[in-house]
Amino acid sequence: MFVPTRLACFAVAFALLAAAFVLLVRGGYVALPAAPWLGAAGSASVGVVLVARAVGDFRYVGFFKRVRGSRFAVLDSRLFSPLCLALGASSLWVALC
């Protein structure tokens, strides 16, 4: 489909790091002197984004993709989409607790 640049890889890594930080704040492991609803809203947002990634765009990524012959598609079906679904569901659970 495409070959991501180093900048795109670093952007995804930074987004995952930011999501982990939000979840640590919501879990009470990191104190943040901001509004308490910020942790809940942030972790719910992380969960929604990850579940949406697991569902996919109905063409190249996600459980409901149509293009299935590439190496990425096989890895996406076996590893990436289930991982995103599990992380998304866990994030939503943290948001509700």
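Quick notes on this one:
- Qualifying residue in the stretch 32-52 (condition: at positive phi and modelled with pLDDT under 90): no
- Cβ-Cβ under 6 Å pairs, at least 6 apart or on other chains, the stretch 38-58 side open to solvent by less than 40 Å² (accessible area, probe 1.4 Å), far side assigned to a helix (DSSP H, G or I) and of a type in the set (Ser, Thr, Tyr): 43/91; 46/91; 47/91; 54/81
- Scanning the stretch 53-88 for residues that are in contact with a helix residue (DSSP H, G or I) (Cβ under 7 Å, 6 or more places away or on another chain) and on the phi < 0 side of the Ramachandran plot turns up 53, 54, 61, 63, 64, 65, 67, 81, 84, 85, 87, 88.
- Counted residues, the stretch 76-89 - those being of a type outside the set (D, E, K, R) and either open to solvent by 60 Å² or more (accessible area, probe 1.4 Å) or assigned to a loop (DSSP other than H, G, I, E, B) (or both): 5
- Of all residues in the stretch 61-89 being within 10 Å of residue 51 (Cα to Cα) and not aliphatic (A, V, I, L, M), the one that is modelled with the lowest pLDDT: 62
- Any chance residue 53 is charged (D, E, K, R), outside any loop (DSSP other than H, G, I, E, B) and closer than 22 Å to residue 3 by Cα: yes
- Of all residues in the stretch 16-33 being surrounded by 10 or more Cβ atoms within 10 Å (Cβ to Cβ) and in a loop (DSSP other than H, G, I, E, B), the one that is nearest to the chain's Cα centre (by Cα): 30
- Residue within the stretch 8-15 that is surrounded by 12 or more Cβ atoms within 10 Å (Cβ to Cβ) and of a type outside the set (Gly, Ala, Ser) present: no
The values are calculated or read from the model by the stated rules, or taken from the named source; none is laboratory data. Predicted, not measured: the structure shown is a model, and the values here were computed from it. Here the Cβ is made from the backbone with ideal geometry for all residues, glycine too, and neighbour counts use every protein chain on show. The protein model used for the area step is the full one, side chains on, heavy atoms only, and it has no ligands, DNA or RNA in it. Shrake-Rupley method; radii C 1.70, N 1.55, O 1.52, S 1.80 Å.
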